[in-house]
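Shown next, in structure tokens, is the structure this report addresses.
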2 protein chains.
Amino acid sequence: MSDELNERSRRILEAIVEDYIGTAEPIGSRAVTRRHHLGLSPATVRNVMADLEEMGYIVSPHTSAGRIPTEKGYRFYVDTLLQVGQLDPRQKSRIEEYYRIDGLRVEERLREAGKVLSTISSYAGVVMTPRFNCTVFRHIEFLKLSQGRLLVIFVSRSGLVQNKVIETDLSLTQSELEHISNYLNQTLSGLSIQEIKAKIVREMAEEKAIYDKLLSRALELSQEAMSDELGGQVYIEGASNILEQPEFKDLERMKRLFRAFEQKSLLVELLDKSQLARGVQIFIGSDSEYREIEGCSLITANYSSSRGTIGTLGVIGPSRMNYSQVIPVVDYTARLVSQILETELE
Amino acid sequence: MSDELNERSRRILEAIVEDYIGTAEPIGSRAVTRRHHLGLSPATVRNVMADLEEMGYIVSPHTSAGRIPTEKGYRFYVDTLLQVGQLDPRQKSRIEEYYRIDGLRVEERLREAGKVLSTISSYAGVVMTPRFNCTVFRHIEFLKLSQGRLLVIFVSRSGLVQNKVIETDLSLTQSELEHISNYLNQTLSGLSIQEIKAKIVREMAEEKAIYDKLLSRALELSQEAMSDELGGQVYIEGASNILEQPEFKDLERMKRLFRAFEQKSLLVELLDKSQLARGVQIFIGSDSEYREIEGCSLITANYSSSRGTIGTLGVIGPSRMNYSQVIPVVDYTARLVSQILETELE
DNA sequence: GTTAGCACTCGGAAGTGATGAGTGCTAAGG
DNA sequence: CCTTAGCACTCATCACTTCCGAGTGCTAAC
């Protein structure tokens, strides 16, 4: 596929993409020759551009304008043209500086990471909180609300607190609930939620062998409590920064994006997808068939504990995004978050 | 002050405000006579309008346009002209319908209320979670994170879970922490946080008389844990709905508003202020000297438990807001939330 | 294969004039 | 004295034109 572009075409495509990223204006043949000395005349560049257009890497918005990259163009640029450098040490310390706050809860920490991403990149920062399933058990607590309704509070090893309400037929007193909590806290401590689920299933199977009624109730409750997907909340920080981008002069487009931000399910899906991969992921526009974020790109990286990936963070902005600058920032921020969660809280 | 307007002027001002609320277009003298049969000619209305303008209730954006209300105009309208009707039963059941979801956590409940407010009003919904200080104690839990850092989890009577990280010099084992938690849970249950704070101060004063070292530590910890303002988080739901309003064609203005939404401190301030009052509160534009929400109004009401106000919710939109419709909606939603928090969770 | 030259296209800015909504003022009428 | 008809005036908006320049594609020469 990438064979269809020779060296010259590539350099010209690269020039177009980078100039367009810089200026947000369509790039003409003359501009290419002016800003990059390729030893070619505008006429030659025009010929190449005509080819690139035919192959779908660029388009011209109208007859007498220059060209702008298509999604395919960006994709190619990101995949084979772009070389991501090291993170500028100044940026590095800028990130660290923003991020040196003590005494924060995990949620705040993550939010803060989103803000930093947004400030540094001047796009919107996105952070997904750890999926319950990906965390390590630390503590559980049951509190009775009204008849049949229990409040369950989980704490993960990293100090993330989550709670949910469950309905149950078991009529238990608060002191029985405390016993159950104690029992679970002793036996499950340090296991991953995955392991716990497996364990519960195993022990439920042997239930008939269980004399202890309390134990059997504990199992039942904890199964109920862990049944569905908790966590995976998405924070979007600095969304207003994105408004500075000239593409959002278009009101309609802006509305669409903000609706997508509000709805979140779309982002959850994308971020979940990216959680499966390692390293920095880049979604370009409707790579993802999502019309709502047409013309936007999402750069993500996972943050992790010593037991593996737990969550995802990144930046969302127009496809005309400064990839070479943003990629290392996202990458570094993810590492920093991992490190902080690990060292501070353990 | 309101003496300076005679009956006729009032009716004309009312007509202008209401028509402008409906159309978002400057209202001319002819339009007033056409839509409201006051038995006056446009010329007479013009004279009155000139007076109203001089007194600062209305302005004309340019020579040959009609008039639009100023903040003073809205203020007067809301304070003395507006009569708020009962909530339309259809709207009522529409709200209830949106709001019938079981098994939600308190946070989700409140968020949901914001969404409902936004959907019904088509402005943005705003909800402030209960201030920690306004809640009733239900449960506390201490977990050790790293040396010197403790995670504290509070649960209020209504089931709201909050947590914070505190730093302490006391080196306590997890089992000592459990003892402390148990002790506090027994002695403090059912007291308001205010009462607890007072109690702690009292007992600290008698500290010398305390033999039990654990008890003294418990006091110290709980004082630390309750020291600062928790809660008071602001959720803004359906912000994108507000984009439909014609006033936000103005990009600059929209940016300002969204920045204000993101920053939140401003809203917290406003909502805190409104929490002191009873019933529906209306802030108009820079009533509040806040330039960021110039041209916007905020309608709020408190929700409460049997022990009094605990939080605030409302709607934010352009000052050109349909007050007579939105006010009863906000009022009813606040009541509904109070009721649900009370009956479901107790 | 590369380039200069040229005719052509088209969006954007600037200018023009007509339209109409709306005003303020004045003078006549109840 | 308040009310109103009439009138001159203002000004945003819209449709229309013109002009300009950036940029293109094509062709023919190097």
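The values are calculated or read from the model by the stated rules, or taken from the named source; none is laboratory data. Quick caveat, the model's predicted, so the values are computed rather than measured. Positions of Cβ are backbone-derived with ideal geometry, glycine not excepted, and every protein chain shown enters the neighbour counts. Just the protein is used for accessible areas: all its heavy atoms, side chains included, with ligands, DNA and RNA removed. Shrake-Rupley method; radii C 1.70, N 1.55, O 1.52, S 1.80 Å.
Assorted remarks:
- Descending Cα extents along the principal axes, chain B, whole Å: 87, 38, 37
- Dipole of chain A, positive direction: furthest Cα of A:27, A:332, A:40, with charges on the beta-carbon: A:40
- A Förster distance of 56 Å, applied to the separation of the beta-carbon atoms of residue B:53 and residue A:83, puts the FRET efficiency at 0.30.
- By the rule of a C-alpha distance below 22 Å, with chain neighbours fewer than 8 residues away ignored, the lysines paired with residue B:197 are B:164, B:208, B:213.
- Surface composition of chain A: carbon plus sulfur atoms contribute 46% of the solvent-accessible area (1.4 Å probe, protein chains only, all chains present).
- Along principal axes, Cα extents of the protein assembly as shown, largest first, whole Å: 82, 82, 50
- Reach of residue A:199 by Cα under 15 Å, taken over aspartates and glutamates that are not fewer than 8 positions away in the same chain: A:207, A:220, A:224
- Column: log10 I(q)/I(0), Debye, Cα scatterers of the range A:2-81, q = 0.12 Å⁻¹: -0.27
- Taking both sides together, the accessible area buried where A meets B is about 3700 Å² for a 1.4 Å probe.
- Per residue, the convex hull spanned by the Cα atoms of the range B:20-146 measures out at 230 cubic angstrom.
- Distance from the range A:34-79 to the range B:165-207 (C-alpha centre basis), Å: 69
- Which of A:101, B:154, A:182, positive extreme of dipole for the protein assembly as shown (C-beta unit charges): A:101
- Karplus-derived HN-Hα couplings along the range B:303-311 (A = 6.51, B = -1.76, C = 1.60, θ = phi - 60°), whole Hz, x at Gly and Pro: 10, 8, 9, 4, 8, x, 3, 10, x
- Burial here means at least 10 square angstrom less accessible surface with every protein chain in place than with the chain by itself, probed at 1.4 Å; in the range B:140-159 the buried residues are B:141, B:143, B:144, B:145, B:146, B:149, B:151, B:153, B:155, B:159.
- A point 7 Å from Cα along Cα→Cβ stands in for residue A:186, and the other copies hold the same point at 1.9 nm, listed in rising order.
- Legend: mean number of C-beta atoms from other chains within 10 angstrom of residue C-beta atoms, peptide B:254-262, equals 4.
- Straight-line reach from residue A:273: taking Cα to Cα under 13 Å and skipping same-chain neighbours fewer than 8 places apart, the aspartates and glutamates in range are A:287.
- Using every pair of distinct Cα positions in the range B:134-225, the Kirkwood expression returns a hydrodynamic radius of 13.4 angstrom.
- Taking each DSSP H run with n ≥ 4 as -39500 (n - 2.57) and averaging over every residue of the protein assembly as shown yields -14500 deg cm²/dmol at 222 nm.
- A straight chain from residue B:199 to residue B:24 at 0.36 nm per residue would run longer than the Cα-Cα distance by 57.4 nm.
- Reduction of at least 40 Å² in accessible surface, 1.4 Å probe, comparing all protein chains with the chain by itself, residues of the range A:88-127: A:103, A:105
- Per residue, in Å², the accessible surface of the protein assembly as shown once ligands and nucleic acids are set aside, probe 1.4 Å: 45
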